[in-house]
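The structure under discussion appears below in the form of structure tokens.
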Amino acid sequence: MKEETMLEIPMSGIKKIEEIVKAGKPNEYISLSQGSVKVGGIPEQIKQHVAELLKTDVTDYYESCWGLKILREKISTVLSARYNTTITVNQTLPTHGAIGGLTLLYLTLLKEGDEVIIPEPAYPAYAILAKASRSTPVFVSCAQAGRPVRHSSKSDGGAPHEDFELNIEKIKAATTDKTKMIVFSNPWNPLGIIVPPAVINELVAWCELKKIYLVIDEAYRDYAFDSTYETAIPLVNKSEWVVCVNTFSKNMAMSGWRVGYLLVPEKLALVLVGMQDALLNCLNNTAQYAALFALDHPELTEKFHKQILFNRDMTTHMLQPLVERGIISFSQPQGGIFLFMKTDQADATELCMSILNNAKVGLIPGSSFGPSGASYLRLCYARETEVLEEGLKRLVNYFV
């Protein structure tokens, strides 16, 4: 008789680095590792609003596993107006951050033996959740062999990454009868690329043909710097196979408050909400009311956008001495909060740990995002200007 084994889920490489950074003495380490937006914290207006709510009992009790209806109504109204589409309340499901939404999708839609196509380098949670759902991650490399790497410090919308692109033919070749889901982020973590609308439309057609769910994680939608970016939100109404994932962790710096949402076909929402009930009972009411307030104040997101764009340009400028010496190379990010830097190492993990131990700067080894990222390092530039500047100085001084 086969012995039952415990399901062991590994901690991601991102969390491992961040644990070391947080265990250090005050000001010993500079964290440019985990993708938290740390540029002043949650806006004071949101905190004041929540402080007033906490004087009442409005957030104290169980709420619906659907999330607050007023939040669902606000999300659907705001997004419908912003993107010239019609998202209904019944297509809108608040979740425990974007990761909560992804978890619902994996546990609801997948069973043992099903396959999830993950174009990589990719956010590690996509593969970790496949293991948690006992499905199989199928990695499809986005690497373009033999292409030179572009490096730029221009203050523009960025450029397509010369090392990586989402190749539909590779995805089609990886598709089998067991494929049930394709998942990626747009803008892309960690690459900083924007997937062209034409590519997404072709993927939608492929998924409809093969009856595969296309899950597009738009956590960094509000940090798209290139005018070619188009959200996939309108596609949710055009295809029963398209799902959009989003969060308030990035655009409102609310990563510690855990609130996000899914936009899905109505019939899928009816199934997902049962899983959310089983897992969570209900969501964090305080965070939901904070998100509700945030949706009425888009100027707060605009402020974050401007700061992150400034940080991106400062980062690429300050790292030019390393580019000029051939130590690193990179493409100007089109979106997101990360710089994916190519090194001369086949596997940059040891280099990453050396930088952590000697320069006291936390970065993430590219291998955490998949085999195609092994020679890269990921840097998060969503930090207070003075913190980012100090971290970049330490990084440059480590090499030169």
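For the range 270-400, just the Cα atoms, rotate onto the principal axes and tell me the three extents in Å, largest first.
The Cα atoms of the range 270-400 stretch 54, 34, 26 Å along their principal axes.
Out of the chymotrypsin sites (Phe, Trp or Tyr not before Pro) in the range 179-217, which ones are loop residues according to DSSP with at most 16 other C-beta atoms within 10 Å? Before the final figure, lay out each step's value.
On the way: sites: Phe184, Trp188, Trp206, Tyr213; in loops: Trp188.
Those that pass, being in a loop and sparsely packed, number zero.
Taking amide H positions as placed 1.01 Å from N in the peptide plane, with prolines and chain starts having none, which residues 5 or more places from Phe184, or on another chain, fall under 5 Å of its amide H?
Residues meeting the criterion, in which the H sits 1.01 Å from N, are Val215, Asp217.
Ignoring ligands, DNA and RNA, what accessible area per residue does the chain give at 1.4 Å, in Å²? The partial results should precede the final answer.
Working: 17110 Å² over 400 residues.
On a per-residue basis, 43 Å².
Under a 5 Å amide H to amide H cut-off, with H placed in plane at 1.01 Å, what residues pair with Ser375 once short-range neighbours are removed?
Ala348
If we sort 214-222, 102-110 on the protection proxy, mean other Cβ atoms within 10 Å, highest first, what's the order? Provide the component values of the computation, followed by the final result.
Working: 214-222: 24.2, 102-110: 22.0.
Result, highest mean first: 214-222, 102-110.
For q values of 0.31 Å⁻¹, compute log₁₀ I(q)/I(0) with the Debye formula on a Cα-only model of the range 352-400, without solvent.
-1.13
Counting every Cα pair in the range 167-268, what percent are over 19 Å apart?
Working: 2265 of 5151 pairs.
Value for the range 167-268 (Cα pairs over 19 Å): 44 percent.
Taking a cut-off of 14 Å between Cα atoms, list the aspartates and glutamates near Lys178, but don't count ones fewer than 8 places away on the same chain.
Candidates past the 8-residue exclusion: Glu112, Asp114, Glu115.
In whole Hz, what ³J(HN,Hα) sequence does the range 271-288 give by Karplus (6.51, -1.76, 1.60; θ = phi - 60°), x for Gly and Pro?
Calculated HN-Hα couplings, in order: 7, 5, 5, x, 5, 5, 4, 5, 7, 10, 6, 8, 8, 5, 5, 4, 5, 5 Hz.
What residues have an amide H closer than 5 Å to that of Glu120, excluding those fewer than 5 places away on the same chain, when H is modeled at 1.01 Å from N in the peptide plane?
Val140, Ser141, Cys142
HN-Hα J couplings of the range 216-221 from phi, Karplus 6.51/-1.76/1.60, θ = phi - 60°, integer Hz, Gly and Pro as x?
Going residue by residue, I get 10, 8, 10, 4, 9, 4 Hz, with x marking Gly and Pro.
Around Leu93, under 13 Å between beta carbons, what's the net of Lys plus Arg minus Asp minus Glu among the other residues? Provide the component values of the computation, followed by the final result.
Values: positive: Lys69, Arg72, Lys267; negative: Glu73, Glu266, Asp277.
Its environment carries a net charge of 0.
Would you mind checking the pairs Lys16/Lys131; Lys16/Lys393; Lys16/Lys69 and listing those with alpha carbons more than 26 angstrom apart? Let's see the in-between values first.
Values: Lys16/Lys131 19 Å; Lys16/Lys393 23 Å; Lys16/Lys69 37 Å.
The answer is Lys16/Lys69.
Could you work out the local net charge near Asn237, counting Lys and Arg as +1, Asp and Glu as -1, over the other residues with Cβ closer than 15 Å to its Cβ?
Numbers: positive: Arg82, Lys238, Lys267; negative: Glu208, Glu230, Glu240, Glu266.
Value of the local net charge: -1.
What share of the DSSP beta bridges in the chain is antiparallel, in percent to the nearest 5?
Numbers: 18 of 39 bridges.
Roughly 45 percent of the beta bridges in the chain run antiparallel, per DSSP.
Averaging sequence separations of C-alpha pairs under 8 Å and six or more residues apart, then dividing by the length of the range 208-300, give the relative contact order as a whole percent. Please list the in-between numbers first.
On the way: 96 pairs, mean separation 22.2, N = 93.
Rounded, it is 24 percent for the range 208-300.
Counting each DSSP H run of 4 or more residues in the chain as -39500 (n - 2.57), what helix-only mean residue ellipticity at 222 nm follows after dividing by all residues, to the nearest 500 deg cm²/dmol? Numbers along the way, then the final one.
Working: 14 runs with 153 residues, N = 400.
Helices in the chain give a 222 nm mean residue ellipticity of -11500 deg cm²/dmol.
Computed over the Cα atoms of the chain, what is the convex hull's projected area averaged over all directions, in nm²? Display every interim value, and only then the final one.
On the way: hull surface 82.8 nm².
The Cα convex hull of the chain, projected and averaged over all directions, gives 20.7 nm².
Can you pick out the pairs among Lys238/Lys342; Lys22/Lys306; Lys15/Lys211; Lys15/Lys267; Lys38/Lys360; Lys22/Lys74 whose Cα atoms lie more than 30 Å from each other? List each step's numbers first, then the result.
Working: Lys238/Lys342 38 Å; Lys22/Lys306 28 Å; Lys15/Lys211 34 Å; Lys15/Lys267 35 Å; Lys38/Lys360 18 Å; Lys22/Lys74 37 Å.
Correct reply: Lys238/Lys342; Lys15/Lys211; Lys15/Lys267; Lys22/Lys74.
Considering only protein heavy atoms and a probe of 1.4 Å, how much of the accessible area of the range 223-372 is carbon and sulfur, as a whole percent?
Here carbon and sulfur together make up 52 percent of the probe-accessible area.
Which net charge results when you count Lys and Arg as +1 and Asp and Glu as -1 among the other residues whose beta-carbon is under 15 Å from that of Val400?
Values: positive: Arg325, Lys393, Arg394; negative: Glu324, Asp344.
Taking every other residue near Val400 into account, the sum is +1.
Mind checking Rg over Rh on the range 223-311, alpha carbons, Kirkwood formula for Rh? Walk me through the numbers on the way to the answer.
Working: Rg = 15.2 Å, Rh = 15.0 Å.
On the Cα set of the range 223-311, Rg over Rh gives 1.01.
Obtain the radius of gyration and the Kirkwood radius of the range 29-74 from its C-alpha atoms and give Rg over Rh.
Rg/Rh for the range 29-74 comes to 1.12.
The values are calculated or read from the model by the stated rules, or taken from the named source; none is laboratory data. Keep in mind that this is a model prediction, so the values were computed, not measured. In this analysis, Cβ positions are derived from the backbone assuming ideal geometry, glycine residues included, and neighbour counts consider all displayed protein chains. Only protein heavy atoms, including side chains, enter the accessible area calculation; ligands, DNA and RNA are left aside. Shrake-Rupley method; radii C 1.70, N 1.55, O 1.52, S 1.80 Å.
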